[in-house]
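Some notes on the structure that comes next.
The values are calculated or read from the model by the stated rules, or taken from the named source; none is laboratory data. Keep in mind that what you see is a predicted model, and the values were worked out from it rather than measured. Cβ coordinates were reconstructed from backbone atoms using ideal geometry, including for glycine residues, and neighbour counts include every protein chain displayed. For the accessible areas, the whole protein counts, side chains as well, though only heavy atoms, and no ligand, DNA or RNA atoms are used. Shrake-Rupley method; radii C 1.70, N 1.55, O 1.52, S 1.80 Å.
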Amino acid sequence: MHDLKIKRVYEPYDERDGYRILIDRLWPRGISKEKAHLNEWNKDVTPSPALRKWFSHDPKLFAGFKQAYEMELKDNIHVIWFIEHIETLLKEENVTLLYGAKSPTCNHAMILKEWIETHRESRE
């Protein structure tokens, strides 16, 4: 099994990233599709627009954002397919979830990665 990673989409492309999935609802500013080196853009597992706007990447709201986003993931019909998709990809190569937020410690990609890992382990 290969590694599931997260990375800011603005960081340089690296072959070790493997399969690269943008997990933002909006296209990141100032980056071309060529420079992003995407294999896929998945908007179905991102926070809702209302939650994203409420959070506005305010570190003081991160705990509440995490709880609300996890509730959205729990109710999201696309998440099971996405986890299965990730599992299939990881059999062949690393998978990197790409996000546009500035903070490496206060973003939805961290939450989604943790969610995927937890639910993959519970299925084994």
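Considering only the range 40-63, state which residues are part of a helix (DSSP H, G or I) and open to solvent by 30 Å² or more (accessible area, probe 1.4 Å). If the condition is that a residue be part of a helix (DSSP H, G or I) and open to solvent by 30 Å² or more (accessible area, probe 1.4 Å), then Pro49, Ala50, Arg52, Lys53, Trp54, Pro59, Lys60, Leu61, Phe62, Ala63 are the ones that fit.
Would you please name the residue that is surrounded by the fewest Cβ atoms within 10 Å (Cβ to Cβ), looking only at residues in the range 75-112 that are over 10 Å from Ile6 (Cα atoms) and among the hydroxyl-bearing types (Ser, Thr, Tyr)? Restricting to residues being over 10 Å from Ile6 (Cα atoms) and among the hydroxyl-bearing types (Ser, Thr, Tyr), the top hit is Thr105. All of (1) touching a helix residue (DSSP H, G or I) at 6+ places or on another chain (Cβ under 7 Å); (2) in contact (Cβ under 8 Å) with a residue 12 or more places away in the chain; (3) surrounded by 13 or more Cβ atoms within 10 Å (Cβ to Cβ) hold for Met1 with one exception: (3). Within the range 4-39, the set of residues being open to solvent by 90 Å² or more (accessible area, probe 1.4 Å), touching a residue at least 24 places away in the same chain (Cβ under 8 Å) and under 14 Å from Val95 (Cβ atoms) comprises just one member, Arg16.
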